[in-house]
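Peer 1: Once you've had a glance at the structure underneath, I'll fire off some questions.
What follows draws every value from the coordinates through simple rules; no lab data is involved. No experiment lies behind these values; they were computed from the predicted model shown. Because the Cβ atoms are built from the backbone with ideal geometry, glycine has one as well, and the counts that use them run over all protein chains shown.
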């Protein structure tokens, strides 16, 4: 339906507010350009000197290393000279003005207008490009674009400069003589292949392999797959290519698993396997806000309970009196059991609350022991009190420590650890419990 | 339906080993959860309204899916009972009645010749050196339901893995295989199927599930494509980096749309605010110019 907004007259363009400073800056810029052009005529570049300087610069590994970019687009590898190399070349070539300007920035609409230019002041060749940079982050190389709006000013600034830098790269390429750039690229490649570090090829291969292993956790097999031949047959050229890849990864143009995919092999499928993944964790119960975000498993390959059926039997330590009468929920799905009291009514339908089953979910013996020790030090000694405190902390009632999952235990152990470190641990615990109870109450109301 | 599945409610993230298909697809999370097939429906060019409608009006069973289900049942060893109907096709009233009865009983109806084919397929899988190992009875659990909460959006997500292995590979990866039946399993056909049915989104989604629940730090998701026609050739593939990255991006995109529509309680259809402008697709435009 049309609204008044739709029918409103087209907005009359309003001249942007221009400060006095801007006006001065504008006239200063005009004068500067004129002066630069005059200076360029008076002091023309010495091409021979420029070539020599370029050759020296490109012989430096520090420049050669950052001279190329590489990324994947539509499954193909795109490569070329980086803006850093081209800027350096422009500086050496001389009498080239270049840069990027932020012409306007609009945080409400979420876009900026950027200008990138390169100008050969002597030949009077100028290449400039204005570009509208959306304040979004493309989370994709190609194909489907996932645009995420940038809010942080710093992110916007970086998006602007990154985009403009790419335009600057093109502008510089147009203004600088092709042969000059090509020779520089060639020399940089040569430098990458022969860095003059006094190492033999074999030593350099070993060094690169170590670097990949330590830097990107890429082992020899993956590196060899990337190069396409065994490390023993690598040439200086291969090493140079690897260096470019590594720099591209560092810059974020390429991801490690894209550059060095860990290909699945028949051997991996059919070969030896290690015990079991720590079969899982289940986070605290019910509506409450995501409690302590997806806990990092403490150690990945926990040897504990494989997926086998027998419970890892978390001990009911001291447990003096009455063994817990109520059935734990670990056994088959309860048929007509009413939902636990704290559960929100959820749907109208009769609902049995299914909990993740499987012994591997249970907290380990060590964790249970640890919790008991922590709670004792906080003067929570009786079994009931312990279960009560734990239940409050994880957001659902515990009938026995069997109900505690490994992830929950990890979370609570960390929490108690911090409480124990507080100046007055017992008080800190009381306060936390009060807060948790309140949070749970409001959470339940809100979640319904 | 006889197998009136008990209504379950899931309020805690985790791996739920015993949910039936029906319980899983009925979405047992009180406030709703998003599955990878839901995500596919939510993504452009589909408007969110389609997903919103479809989740309250599930599609009726279709013969192609029944065949796939039957194959899954025999390969994975779990799933609803098969009801073999001794008829050459579904054209006769008798066959159709048998099919209706099977649906009524919660079974999957298959024609006798289809059943024979499915048996052949399961057999081929068992004998395949890689696929046989991937679905080796006892080495994993079939049809596992995973529920977790997305860190970024707070959206509940769910996934139903064909197979969740008990062990991790020598390279420290949890290898999750997914079984697909198809007409052709050649590289080209598989690549197109991945794009068309957005299998890359599924691969990303399921890998994210396993990682979010701490099942493994590294996941290797493998597709086991098997041709429906004899000799039921099998092609085990992994997806390339670009496909996976795109898959992850799609999953983020779908989650964002879901979170936004849920928060606004508004599931828009095609835009009603503006009249769309439509032209011929690029390929047709070229043709047009040439014949003009």
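Peer 1: Rounded, prolate or oblate: which fits the stretch B:120-236 when a ≥ b ≥ c are the square roots of the eigenvalues of the alpha-carbon gyration tensor, with rounded for a/c under 1.5 and prolate only if a/b beats b/c? Walk me through the numbers on the way to the answer.
Peer 2: Numbers: a/c = 2.24, a/b = 1.45, b/c = 1.55.
Oblate, since a/c reaches 1.5 and b/c is not below a/b.
Peer 1: Which order do the peptides A:229-242, A:87-100 come out in when sorted by mean C-beta neighbours inside 10 angstrom, highest first?
Peer 2: A:87-100, A:229-242
Peer 1: Let me ask something else. Counting other beta carbons within 10 Å of each residue's own, what order do A:69, B:199 fall into, fewest first?
Peer 2: Ascending number of Cβ neighbours within 10 Å: A:69, B:199.
Peer 1: Can you compute the FRET efficiency between residue B:260 and residue A:51 using 1/(1 + (r/R0)^6), with r the Cβ-Cβ distance and R0 = 51 Å? Round to the nearest 0.05.
Peer 2: 0.35
Peer 1: Take every residue in peptide B:159-169, count the Cβ atoms of other chains within 10 Å of its Cβ, and give the average of those counts.
Peer 2: That average works out to 4.
Peer 1: Quick check on chain B: helices-only [θ] at 222 nm, where DSSP H runs of length 4 and up contribute -39,500 (n - 2.57) each and the sum goes over total residues. Nearest 500, please.
Peer 2: Values: 11 runs with 125 residues, N = 292.
Helix contribution divided over all residues of chain B: -13000 deg cm²/dmol.
Peer 1: Moving on. Quick one: go through the stretch B:123-159 and flag any residue whose amide nitrogen is under 17 Å from the point 7 Å out along the Cα-to-Cβ line of residue B:54.
Peer 2: B:158-159
Peer 1: Additional query: Say each of residue A:199 and residue A:35 gets a label point 7 Å from the Cα, pointing the same way as Cα to Cβ; how far apart are those two points in nm?
Peer 2: It is 4.8 nm.
Peer 1: At what distance in angstrom do the alpha carbon centres of the stretch B:184-244 and the stretch B:56-112 lie from each other?
Peer 2: 25
Peer 1: For the pair residue A:257 and residue A:148, what calculated FRET efficiency results from E = 1/(1 + (r/R0)^6), where r is the Cβ-Cβ distance and R0 = 25 Å, to the nearest 0.05?
Peer 2: The pair residue A:148/residue A:257 has a calculated efficiency of 0.75.
Peer 1: Cut-off is 10 Å between beta-carbons; in what order do A:39, B:121, A:54 appear when sorted fewest neighbours first?
Peer 2: Final ranking by Cβ density, sparse to dense: A:39, A:54, B:121.
Peer 1: Provide the percentage of antiparallel DSSP beta bridges, counting only those with both residues in the stretch B:14-264; round to the nearest 5.
Peer 2: About 55 percent, rounded to the nearest 5.
Peer 1: Taking the highest mean first, how do the peptides A:191-203, B:175-187, A:23-35 order by number of other beta carbon atoms within 10 angstrom per residue?
Peer 2: B:175-187, A:191-203, A:23-35
Peer 1: Right, another one. Among B:13, B:48, B:129, which one shows the biggest mean-square fluctuation in a GNM of chain B, springs joining Cα atoms closer than 10 Å?
Peer 2: B:129
Peer 1: Still on this structure: How far is the Cα center of the stretch A:167-246 from the Cα center of the stretch A:19-36, in Å?
Peer 2: 44
Peer 1: Say we join alpha carbon atoms closer than 10 Å with springs in a Gaussian network model of chain B; which of B:64, B:85, B:219 then has the biggest fluctuation?
Peer 2: B:64
Peer 1: At 7 Å along Cα-to-Cβ for each site, give me the label-to-label distance between residue B:93 and residue A:421 in nm.
Peer 2: 7.9
Peer 1: Could the peptides B:209-217, A:125-133, B:35-43 be put in order, highest first, of the mean number of other beta-carbon atoms found within 10 Å of their residues? Could the numbers behind the result be given before it?
Peer 2: On the way: B:209-217: 23.0, A:125-133: 16.0, B:35-43: 21.0.
So the peptides B:209-217, A:125-133, B:35-43, ranked by packing, come out B:209-217, B:35-43, A:125-133.
Peer 1: Express in nm, to one decimal, how much length is gained between residue A:213 and residue A:385 on full extension, taking 0.36 nm for each residue of separation and deducting their alpha carbon distance.
Peer 2: Contour length minus the Cα-Cα distance gives 56.9 nm.
Peer 1: How many partner chain Cβ atoms sit within 10 Å of a residue's Cβ in peptide B:242-253, on average, as a whole number?
Peer 2: 5
Peer 1: Can you put A:79, B:11 in order of Cβ neighbours within 10 angstrom, beginning with the fewest?
Peer 2: Values: A:79 15, B:11 28.
In increasing order of surrounding Cβ atoms, one gets A:79, B:11.
Peer 1: Still on this structure: Rounded, prolate or oblate for chain B? Axes are the square roots of the Cα gyration tensor eigenvalues, ordered a ≥ b ≥ c, and the cut-off for rounded is a/c under 1.5.
Peer 2: rounded
Peer 1: Let me know the mean shielding of B:231-241 by other chains, meaning the per-residue number of their Cβ atoms within 10 Å of its Cβ.
Peer 2: Values: counts 0, 0, 0, 0, 0, 3, 1, 5, 0, 5, 11.
Rounded to a whole number, the mean comes out at 2.
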